[in-house]
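Input: a single structure, listed below in structure tokens.
The values are calculated or read from the model by the stated rules, or taken from the named source; none is laboratory data. All values reported here derive from a predicted model rather than from experimental measurement. Methodologically, a virtual Cβ is constructed for each residue, glycine included, from the backbone with ideal geometry; neighbour enumeration extends over all protein chains shown. When the accessible area is computed, the model is the full protein with side chains, heavy atoms only, and any ligands, DNA or RNA have been set aside. Shrake-Rupley method; radii C 1.70, N 1.55, O 1.52, S 1.80 Å.
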Amino acid sequence: MHLDVAFSTLFDLLTTPRLLFLMVIAVPMGVFFGSTPGLGGKLGLVLLIPFVYNMDQLTGAVFLCAMHAVVHTGGSIPSILIGVPGDGPAAATALDGFAMTRKGQAGRALGASFGASTAGGLLGAMFLGLSLPILEPIILNFSPAEFFLLAILGITFIATLSGDSFIKGMIVGLFGLMCAFIGLDPSTGSPRFTFGQIWLWDGLSVIVAVLSMFAVPEMISLGVKGRSFDVSAETKAKLHDTGTAPPETAVSRKVTYAQIFEGMWDVVEHKWLVLRCSLLVAAIGVIPGLGGDAAAWMAYGHTVQSSKHPERFGKGEVAGVIGAETGSCAKEAGSLLPTLFFGVPGSSGMAIMLGAFLMLGIQPGPAMLTDHINIVWSLIWALVIANIFCVFMLIAAGPWIGKLGSTKASFLIPYVLLFALLGCFLFGGLWQNLLLVMVMGSLGYLFKRHDWPRAPFIIGVILGKIAEDSLQKALALFGANFFLRPISLILIALIIGSIGFYLWRQRHPNKVSVPSHA
Amino acid sequence: MLKHWLAAVAGATLLWSGAASAAADLNQFKGKTITYIVATGPGGGYDTYGRLIARYLQKYLPGSRVVVRNVPGAGHIVGANTIYAAKADGLTIGMFNTGLIYDQLIKRQGVLFDLSKFSWIGKASDDTRALMVSNKSGFKNIDDIIKSKAAIKFASSGVGSAAYNDTKILADALHLNVQIVPGFSGNEGEMSMLRNEVVAEVGTAESMEQFVKQGHGYFALALSGDATSLPGVPRASQYVKDDKGKRLLGLVETLSEIGRLTAGPPGIPPAVLAAEREALTAAMKDPQLLAEAKKLALSIDHAPGEVVEAKIKAALAQPPETVAALKAAAGG
């Protein structure tokens, strides 16, 4: 268990001013990249890699890890306050977080988000530390057969997130799946649904999908209304009419420390959910081949499924924010494991991190456990310290951050759209993505306007490609009997259980389906 | 006497002017920005090589600024298309995979370039290809694999990729009974070997070296390189009997010899191209660059643009039956 190394590296980190200083500047950078729609952690890593080039291995790796650890915490800010997520996992936070803001509970949502992401980050790091001795057998027991079934399990959540109309959810979800099949056919290498456009060979980027379905529609909607995201008199009246209005103080635009702490207390009250989501997502993050984006959505899906009040989700249920945020942050630790020990990135962000590790001269492999265990523990502690520092920083800045929610539309719309488009362009370097965002964003606006759920589209895009790729490999490796492997059978049972539970809920007299503004 | 002096001065002047025209003017890039395109996303091997080369090109082209731009897409095709279509002023150059030779030979959709027309600046390394076999597989050597009656599972990256084509070529040339399982990227193939799902994979020796050092696999066959590149490993050429197989393997060998290429669009003025070639050659000999490359575990084996150009042209001159074999491979 290397307890001596574990604590000596913590001591070294805390007593080396240079490392502490770098972590202190890495955290606000991570929050900035995460909170600016379109930029995100991957672009942050890309932009910072040249700066670590001349650092020594430990310093460079700790700096990048600390920055990347808090990206998703930052990403929750625009998701909650203006309904504009920057990436796949943050879109799950937007579902309930933004709804809470519209109910006048932005401060509580932010507090829940800060608390849940910190708890997720810490529990994920703890999971990473504890699983070091049994890491290899865990990872090696998951093959493409299991990746495929895990992806199918995730796709079953489309039903849960379909809202009022299961049919609408399925149509949008299947449309997302179809979009996931854009690109080169994995079995023949021939272009598919690319309409002769070579830039579509690599498929539809998740970033483009998220910005199209959330950022652009929210900004169009805001432009049409022509006012800030502050709770409107109309909404207040509606809330009063339906008898669900919170006290007037809670509907205020102001984010107070009291609200933030209320949200953090919600995290304590949902401790078992936080624990379950952290472990689930960290474990999924460990398995290379499924990816962190999928993990965060599975945490959200699990939160909705396991709740006694699924009808509240998408309307501003604090547990939705807690589940999604715990998932987003816990996966970072999990996905670091296969990156370090097998050189196989556990998430798309980790793929870039892997490149940075190689540039720093860190050769991922099982030898990390023996020859470079100090680096491994330093990175685990960097995740912990960055998360703790981040939560204190964000709590302190909470009331000022909250002002974003009442920013004038005339300022917000160009800012958000500019960064969203810039992010789309910078990451792939494709101007064509700008057109795609505008076209698909218009579609997203139509979905929003006519109350069609948008979350199933993101799930379809993220999991469709994984499912297809894994199915092809599983069939090639094991033949048609691939689903008879022991873990596969367990996963099949979970899939059947998930569908059965959904159907049972539909028939249960006291259960109401989720509304469709997800 | 005066005549002799005049002749000597005239001769010296001629020699000096000749030397001056041979030595490229490296100062012509003063105040200019050179865009170095890397045809992959950030973080991978190509990106690492590209950024290293860009920094040292800047050093040897005084007053210039060399910026790296990642143009990923379609397995390096988008990046190569972008370089090919750039203005031929030497201010846009870049790096892409040598495997694009396969794509040009089979006239793959999306290829808008002609590799024989690029302005070749040089190469940074050899990409020795090898067959690596898992220690868990039960196959002790290449002879066991050749004799196998049952289909042997080989991991590979996507259909149409350079690694996939190399695998197909090896299987065809040695008449191996192979089932290629495509779709593995990065080190995923090695993980699949650890899970005992696949037996082997074909790739660059450099990328698989770590796995071998860790004791999980061994190099069963060297597809290219000389005896010094993988000492003690049998050469594929020893096992290839027919002409078709020899030609296919010859193509892989040529590709292996010209790894990590730097090229510019067709028609770069000779003086500009000469300066960039000279700067790259100087960069490749720079002790600091070599030390950094060693730290990053990147091999450096430079050859100038003229050599690269000759090899590219030779690789593109394939008989129809080789092209047909490659087309068959690309068709899955």
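Odds and ends about this structure:
- Peptide B:186-193 - average C-beta neighbours from other chains (10 Å radius): 6
- For A:349-360, mean number of other protein chain Cβ atoms within 10 Å: 4
- Per residue Cα convex hull volume in Å³ - calculated over the stretch A:62-186: 164
- Pairwise centroid distance, computed over Cα atoms, of the stretch B:56-77 with the stretch B:190-245, Å: 32
- Average beta carbon contacts from partner chains per residue of A:183-194, 10 Å cutoff: 4
- In straight-distance terms, cross-link reach from A:K448 covers every one of the aspartates and glutamates whose alpha-carbon lies under 20 Å from its own, apart from those fewer than eight places away in the same chain; here that gives A:D87, A:D96, A:D164, A:E218, A:D230, A:E234, A:E311, A:E317.
- Heavy-atom accessible area, 1.4 Å probe, ligands and nucleic acids excluded: residues of the stretch B:38-55 down by at least 40 Å² from chain alone: B:P42, B:G43, B:R51
- Of all accessible heavy-atom area on the protein assembly as shown, the percent that carbon and sulfur account for (1.4 Å): 65
- Taking each DSSP H run with n ≥ 4 as -39500 (n - 2.57) and averaging over every residue of the protein assembly as shown yields -20000 deg cm²/dmol at 222 nm.
- Highest mean packing first, where packing is the average number of other Cβ atoms within 10 Å per residue, the peptides A:453-459, B:155-161 line up as A:453-459, B:155-161.
- Per residue, the Cα convex hull of chain A amounts to 141 Å³.
- When all protein chains stay in place and ligands, DNA and RNA are ignored, the 1.4 Å accessible-area order of B:K87, B:K168, largest first, is B:K87, B:K168.
- Taking a straight line from the alpha carbon of A:K42, these lysines sit under 23 Å away, with near neighbours fewer than eight places off in the same chain left out: A:K331, A:K465.
- Nearest 10 degrees, 0 to 90: helix B:243-257 Cα axis against chain B principal axis: 50
- Order by protection proxy (mean Cβ within 10 Å, highest first), peptides B:190-196, B:241-247, B:292-298: B:190-196, B:292-298, B:241-247
- Protection proxy ranking of B:63-69, B:171-177, A:375-381 - average other beta-carbon atoms within 10 Å, highest first: A:375-381, B:171-177, B:63-69
- Summarising the strand pairing of the stretch B:129-254, around 60 percent of its internal DSSP beta bridges are antiparallel.
- Rg/Rg_ref, the stretch A:335-449, where Rg_ref = 2.2 N^0.38 Å and atoms are Cα: 1.51
- Size of the B/A contact, given as accessible area buried on both chains, probe 1.4 Å, in Å²: 3300
- 23 Å Cα cut-off, lysine pairs counted over the stretch B:129-254 (separation 8 or more, or different chains): 22
- Radius ratio Rg over Rh of the stretch A:360-518, counting only Cα atoms, Kirkwood formula for Rh: 1.06
- Counting only protein heavy atoms and a 1.4 Å probe, the protein assembly as shown has 38 square angstrom of accessible area per residue.
- Equivalent ellipsoid semi-axes, chain B, via Cα gyration tensor eigenvalues times 5, rooted, Å: 41, 21, 20
- Each Cα pair under 8 Å and six or more residues apart adds its separation to the average, and for chain A the resulting relative contact order is 30 percent.
- Rg over Rh, two decimals, the stretch B:129-254 (C-alpha only, Kirkwood Rh): 0.92
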